[in-house]
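I have placed the structure first, in the form of structure tokens, so that the comments after it can refer back to it.
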Amino acid sequence: MADETKTLAKYAANLSYDDIPAAIRARAMDLLVDQIGVQLGCSELPWAQQVRATYRRPGGIAEATVVRYGDRLPIGAAAFINSVFGHSFEYDDANPLCHGHLGAELIPPMMAIAERDHISGRDFLTALVAGYEVRGRIGWAVSPDMIELGGPQYSTTCGPFGVAVGIGRLLRADADLITNAMGIAGTFSGGLMQYDHGGGSVKRLFTAVGGSGGIQAFHLAQAGMTGAEEILEGVHGLLRIYPNEYRPDRLTVDLGRKWTMDYLLFKPYCCCAVIHPAIDALLHILTDSGLGADDIESIEVGYPAPSYDHAPITSPKDLLGMQFSTSYSLAITALKRRNTPHEYTMETLADPHVKAVAAKVRLNLEHGLDKLFETGHMPARITLRSKKGQVFEKLVEDAKGSPASKFTSDDVDAKFNSQAVDALGAEATARLLRTLRSIEDVSDMAIVPKMLVAANQAKANV
């Protein structure tokens, strides 16, 4: 062991804005824009409203703002609600190297702290990168084992560490305090993944659970509580307990030169990320062949081992189940040629045409693709047989929006607009986007949450 936990804490504490390459700062800005857009667009979903009702009921000190609605609540409650908004519909960012949904883990709690303490945009962006990189390294060190084993889930397991570190850097804590906060964060680490077989809206909470744990860990460390040393690399630390292989080197190798944010994935499709390459492959075949859904005899999907058991639901009972169903997501693709939030509805779930096409889909375990997954790709192979006996095959190693087929900033902005305009209106959305795109020049992050409240809500809150 080489004190990897302390090394990460020291790295985060000492990271400066100028240490971050311009391309990584730009990607962090993309992440901020994407996550805020998803929070706005998904804030009216039923489970989002259920969480908002639950966490606003106790009230408390008005420290931070709830997106869209303008509720003023304590840090923990506002961050929890906003994180659920940001992870409410499988439309937020992912990362095929370190897994989980780092934007919804990190940005809501860090925004809440930055609002309360009037942090500058430049300091916020620096802290976001610090938290992302530490969280990314931890996720990489336990990958792909945890997804192959079916848990624990990455956002709830690795998220508390990244959030504690991000808040520590935001508040300019020293390395010792951040190390201690990471030690305490281990207490909040874990979470079962049965949702990818059993559905349930509770999965929408997972990034918020990670964020909540990180907030509590840092505040407890500030108050003088002490955590276990070597929480990551120790004998009973994270890296010894969960993965099949002990890989402490991934925590620190090329730190400051290899950036996990380079592996950031933005979602063009509103479903589990491992399904995205299968969607791209199917769209390619259908476009090139001119076939329609009625022409399909069968669809076989070849997945690497980690993907094979992560999106297997064949008879979903709710929308979460449909978003983790390869067969239903591909049926939507074949019938509608798109996979936006508008397609994932209870009406679609009950549609006999969707069910009929979904019944033609079969998943195959293709171990030849495992190595690609282990190196930061999410591949899938589609073999389509038509009713006329034609056979079409397409392998996609990197879906649209993934690190090797990146969303541009313009792509991110277009997705943001598609989510935010209905909530805020065109003029306010354009003003907000300009502010987020110049976040480094914002002197006080407290101005941003005010821009996230819909005009009708702002008037109602006066």
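The values are calculated or read from the model by the stated rules, or taken from the named source; none is laboratory data. These numbers come from a predicted model, not from an experiment. Cβ atoms come from the backbone with ideal geometry, glycine included; neighbour counts cover every protein chain shown.
Among the residues in the range 257-265, are any in contact with a strand residue (DSSP E or B) (Cβ under 7 Å, 6 or more places away or on another chain) and either closer than 24 Å to residue 149 by Cβ or in the same structural domain as residue 385 (by TED's automatic domain parsing) (or both)? Taking every residue of the range 257-265 in turn, at least one turns out to be in contact with a strand residue (DSSP E or B) (Cβ under 7 Å, 6 or more places away or on another chain) and either closer than 24 Å to residue 149 by Cβ or in the same structural domain as residue 385 (by TED's automatic domain parsing) (or both). What about residue 414, is it among the aliphatic types (A, V, I, L, M), outside the structural domain of residue 69 (by TED's automatic domain parsing) and touching a residue at least 12 places away in the same chain (Cβ under 8 Å)? No, not satisfied.
Restrict the check to the range 363-371 and report whether at least one residue is within 24 Å of the chain's Cα centre (by Cα), surrounded by 14 or more Cβ atoms within 10 Å (Cβ to Cβ) and not in a strand (DSSP E or B). Among the residues of the range 363-371, at least one is within 24 Å of the chain's Cα centre (by Cα), surrounded by 14 or more Cβ atoms within 10 Å (Cβ to Cβ) and not in a strand (DSSP E or B), which makes the answer yes. Scanning the range 446-462 for residues that are modelled with pLDDT of 95 or more and more than 22 Å from the chain's Cα centre (by Cα) returns 446, 447, 450, 451, 453, 454. Could you say whether any residue in the range 181-188 is of a type in the set (Ser, Thr, Tyr) and buried (at least 24 other Cβ atoms within 10 Å of the Cβ)? No, the range 181-188 contains no residue that is of a type in the set (Ser, Thr, Tyr) and buried (at least 24 other Cβ atoms within 10 Å of the Cβ).
Annotation: residue 190 fulfils all but one of (1) more than 21 Å from residue 7 (Cα to Cα); (2) in a helix (DSSP H, G or I); the unmet one is (2). Among residues of the range 193-204 being in contact with a Leu (Cβ under 8 Å, 6 or more places away or on another chain) and part of a helix (DSSP H, G or I), the one that is farthest from residue 242 (Cα to Cα) is 201. For beta carbons closer than 6 Å, sequence separation of 6+ or different chains, a first residue in the range 10-32 that is under 27 Å from residue 180 (Cβ atoms) and at pLDDT 95 or above and a second that is surrounded by 15 or more Cβ atoms within 10 Å (Cβ to Cβ) and of a type in the set (Lys, Arg), the qualifying pairs are 12/169; 17/122. Scanning the range 342-362 for residues that are surrounded by 19 or more Cβ atoms within 10 Å (Cβ to Cβ) and touching a residue at least 40 places away in the same chain (Cβ under 8 Å) gives 343, 344, 357, 358, 361. Annotation note: Cβ proximity below 7 Å between a residue of the range 417-433 that is over 19 Å from residue 92 (Cα atoms) and a residue that is modelled with pLDDT under 95 (sequence gap 6+ or interchain) occurs for 425/455; 428/455.
Listed here are the residues, each with its yes/no results for (1) assigned to a helix (DSSP H, G or I); (2) in contact (Cβ under 8 Å) with a residue 24 or more places away in the chain; (3) out of contact with any strand residue (DSSP E or B) (no Cβ under 9 Å at 6 or more places or on another chain); (4) within 18 Å of residue 75 (Cα to Cα).
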site	(1), (2), (3), (4)
177	yes, yes, yes, no
183	yes, yes, yes, no
206	yes, yes, yes, yes
233	no, yes, yes, no
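Restricting attention to the range 63-77, does a residue exist that is part of a helix (DSSP H, G or I), crowded, with 24+ Cβ neighbours inside 10 Å and at pLDDT 95 or above?
Yes, some residue in the range 63-77 is part of a helix (DSSP H, G or I), crowded, with 24+ Cβ neighbours inside 10 Å and at pLDDT 95 or above.
Inspect all residues belonging to the range 1-13 and state whether any of them is surrounded by fewer than 24 Cβ atoms within 10 Å (Cβ to Cβ) and under 23 Å from residue 441 (Cα atoms). Looking through the range 1-13, at least one residue is surrounded by fewer than 24 Cβ atoms within 10 Å (Cβ to Cβ) and under 23 Å from residue 441 (Cα atoms). In this entry, residue 338 is excluded by the filter for residues that are part of a strand (DSSP E or B) and either among the basic types (Lys, Arg) or within 25 Å of residue 37 (Cβ to Cβ) (or both). Filtered by the rule that a residue be within 14 Å of residue 44 (Cβ to Cβ) and part of a helix (DSSP H, G or I), the range 78-95 gives 81, 82, 84, 85, 86.
Does residue 147 count as of a type in the set (Val, Ile, Thr), under 22 Å from the mean Cα position of the chain (by Cα) and at pLDDT 95 or above? Taking the combined requirement at face value, the residue does not satisfy it.
Yes/no matrix, rows are residues, columns are (1) in a loop (DSSP other than H, G, I, E, B); (2) touching a Cys at 6+ places or on another chain (Cβ under 6 Å); (3) at pLDDT 95 or above; (4) surrounded by 20 or more Cβ atoms within 10 Å (Cβ to Cβ):
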| position | (1), (2), (3), (4) |
| --- | --- |
| 228 | yes, no, yes, no |
| 236 | yes, no, yes, no |
| 240 | no, no, yes, no |
| 281 | no, no, yes, yes |
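Would you check if there is a residue in the range 79-92 being in contact (Cβ under 8 Å) with a residue 60 or more places away in the chain, surrounded by fewer than 24 Cβ atoms within 10 Å (Cβ to Cβ), of a type outside the set (D, E, K, R) and farther than 24 Å from residue 413 by Cα? Checking the range 79-92: not a single residue is in contact (Cβ under 8 Å) with a residue 60 or more places away in the chain, surrounded by fewer than 24 Cβ atoms within 10 Å (Cβ to Cβ), of a type outside the set (D, E, K, R) and farther than 24 Å from residue 413 by Cα. Annotation for the range 107-123: at least one member residue is within 13 Å of the chain's Cα centre (by Cα) and in contact (Cβ under 8 Å) with a residue 12 or more places away in the chain.
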